Amino acid sequence: MSTAESTCEETVRIDTETGSIYGTLATPEHAWGSVLVAHGCGNTRHLPASNYLVDSLHAVGLKTLEIDLLTPIEDRVDAFTARHRFDIGLLTDRISIATEWLQNRDVLTDSLFGYFATGLESAAALRAAAERPEIAAVVCYGGRPDMAGNALARVEAATLLMVGDLEQQLVEFNQAAYEQLRRAYRPEATVVAGATHVFDQQAAKDEVSRTVSRWFVRYLGAAAWQRRQTKQTINTLPYSTPYGF
């Protein structure tokens with residue numbers, strides 16, 4: 001059975017105070033963790049590169065929630081004004097709302113959560129992760145993580161910043177953000193040869209998808225191991241009353 005055949009997909013609607021946002025929830029067999037894939041404006045959720053990346057996450061047993069952070073009305077307005085796509089606060093709130101929705105729907109025992117984002121959504125994902133200790137890993141590709149501002153210094157999740165070497169200004173923005181990740185667990189920054197922020201060439205798609213999948217397997221897996229070790233330690237402690245006897 002192929003990955004596609006063994007993955008259950010459904011279109012979802014998540015209500016917010018200013019309208020509903022939509023996405024795709026995909027659950028492979030034997031899923032052990034979840035990744036929220038944040039999309040901003042337009043139809044990026046259906047781009048070939050995005051589909052290729054998400055398939056690679058399913059192949060390693062990760063559930064994905066691909067979510068459009070703008071409502072359909074906001075998206076149409078942005079086609080002319082670009083008003084909402086640059087609102088980092090709005091995008092951050094939407095990621096947090098989608099995270100809570102996913103947590104409430106998740107039936108996995110002790111599921112681990114991660115974020116993947118590109119563009120300005122990278123800044124929003126990092127800002128959301130800074131406020132959510134349950135986010136164990138974050139990957140940003142070809143984005144503007146520097147626009148997360150002071151929140152970068154509060155991010156504790158394992159954070160990988162990726163950028164194509166054909167966009168030197170983005171390389172500089174990502175380097176500046178990397179230097180602010182003072183509390184992140186083993187932060188890394190990497191440059192993908194011959195790639196832009198779209199990573200639509202096959203070689204770039206392969207490298208990005210492989211690297212992203214490995215990052216989530218490594219660091220969501222590490223968080224799962226640490227959680228199990230903590231539980232085992234608690235379960236083996238001798239019983240005592242609050243008064244010590």
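Overview of values
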| quantity | calculated |
| --- | --- |
| Filtered residues of the stretch 95-143 (kept if basic (K, R) and more than 13 Å from the chain's Cα centre (by Cα)) | R105 |
| Within the stretch 138-176, tally of residues that are on the phi < 0 side of the Ramachandran plot, in contact (Cβ under 8 Å) with a residue 40 or more places away in the chain and not β-branched (V, I, T) | 9 |
| Residue check for T241: in a loop (DSSP other than H, G, I, E, B), hydroxyl-bearing (S, T, Y), modelled with pLDDT of 60 or more and over 17 Å from the mean Cα position of the chain (by Cα) | no |
| When residues of the stretch 21-44 are limited to those that are of a type in the set (G, A, S) and closer than 18 Å to A79 by Cα, the one modelled with the highest pLDDT | G40 |
| Total residues in the stretch 56-88, condition closer than 18 Å to T118 by Cα, among the acidic types (D, E) and part of a helix (DSSP H, G or I) | 2 |
| Residue in the stretch 73-83 that is crowded, with 16+ Cβ neighbours inside 10 Å and within 10 Å of G40 (Cα to Cα) present | yes |
| All strands (runs of 3 or more DSSP E) inside the stretch 7-48 with 1 or more residues being exposed (fewer than 13 other Cβ atoms within 10 Å of the Cβ) | 7-16, 19-28 |
| In the stretch 164-184, residue nearest to the chain's Cα centre (by Cα) [restricted to those that are over 17 Å from V208 (Cβ atoms) and crowded, with 16+ Cβ neighbours inside 10 Å] | A184 |
| Flag for A137 being over 18 Å from G23 (Cα atoms) and small (G, A, S) | yes |
| Residue within the stretch 78-85 that is within 13 Å of H39 (Cα to Cα), out of contact with any strand residue (DSSP E or B) (no Cβ under 6 Å at 6 or more places or on another chain) and either of a type in the set (D, E, K, R) or at pLDDT 95 or above (or both) present | yes |
| Looking only at the stretch 116-137, and only at residues there that are without any contact (Cβ under 8 Å) to a residue 60 or more places away in the chain and under 15 Å from I88 (Cβ atoms), the one that is surrounded by the fewest Cβ atoms within 10 Å (Cβ to Cβ) | E131 |
| Filtered residues of the stretch 95-109 (kept if out of contact with any helix residue (DSSP H, G or I) (no Cβ under 6 Å at 6 or more places or on another chain) and in contact (Cβ under 8 Å) with a residue 24 or more places away in the chain) | I97, A98, T99, W101, L102, Q103, R105, D106, L108 |
| Pair list, Cβ under 7 Å, 6 or more apart: the stretch 77-94 residue under 17 Å from I67 (Cβ atoms), other residue of a type in the set (G, A, S) and surrounded by 18 or more Cβ atoms within 10 Å (Cβ to Cβ) | R85/G40; I88/A123; I88/A124; L91/G40; L91/A124; T92/A124; T92/A128 |
| Identity of the residue in the stretch 165-191, modelled with pLDDT under 95 and in contact with a strand residue (DSSP E or B) (Cβ under 6 Å, 6 or more places away or on another chain), that ends up farthest from A222 (Cα to Cα) | D165 |
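The values are calculated or read from the model by the stated rules, or taken from the named source; none is laboratory data. This is a predicted model, so every value here is computed, not measured. A quick note on method: Cβ atoms are made from the backbone with ideal geometry, for glycine too, and the neighbour counts reach across all protein chains shown.
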